[in-house]
Amino acid sequence: MADGTENTEQTTAESDAADAAKAAAADAEQALEAVQAEAAAELPAEEPPPAPPTAAATAATTPAAEPEAAGTRPNRRKVREGIVVSDAMSSTVVVAVVERVRHPRYGKTVQRTKKLYVHDAEDTAKVGDRVRVQETRPLSKLKRWRLTEVVERAR
């Protein structure tokens, strides 16, 4: 009979442990629901997604003002600033852009000058002007930049 008593004690202990685990799981579930309800009460209701822009609205917004607008992509074109070194060609200027880079081995800052052929449709830039240029599609064999603005006139 001792064997039967031990079995019933074990099953009773196991059932008590199972009941305690179920109660803990129920408590945890209630706590989770309470936290979710509290979080939902703190957050404002989600707004519906904006309607696609019309042609008039697209024309009214500028890409610089709203680069992340729906339907547009961000402008990833490089912008550089340099000095005009030649304006002898028609609608083209040569701009020297100075880039400061750290030497890969020695760590010293080194100046590297790059000459860019820039499209200047109005022939506004003259030698010595400081200009801002922007990357664009290939316009000729060497021309891949266009004049954005003349930052400072030569004296």
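Since every read-out is calculated from the coordinates, none of them should be taken as a lab result. All values reported here derive from a predicted model rather than from experimental measurement. Every residue, glycine as well, gets a Cβ built from its backbone with ideal geometry; the counts of neighbours run over all protein chains shown.
A few comments on the model shown:
- Order of His103, His119 - criterion: other Cβ atoms within 10 Å of each residue's Cβ, fewest first: His103, His119
- Segment 97-143: GluC sites (Glu not before Pro) in DSSP loop, at most 10 other beta carbons within 10 Å: Glu122
- Label-point gap, in nm, between Val150 and Glu14 - each point 7 angstrom along Cα→Cβ: 9.4
- Linear extension gain, Val79 paired with Gln111, 0.36 nm per residue minus alpha-carbon span: 9.7 nm
- Per-peptide average of other Cβ atoms within 10 Å, ordering 125-133, 108-116 highest first: 125-133, 108-116
- Lysine-lysine proximity count for segment 79-152, Cα under 16 Å, sequence distance 8 or more or distinct chains: 4
- The ranking of Tyr106, Tyr117 by Cβ neighbour count inside 10 Å, starting from the fewest, reads Tyr106, Tyr117.
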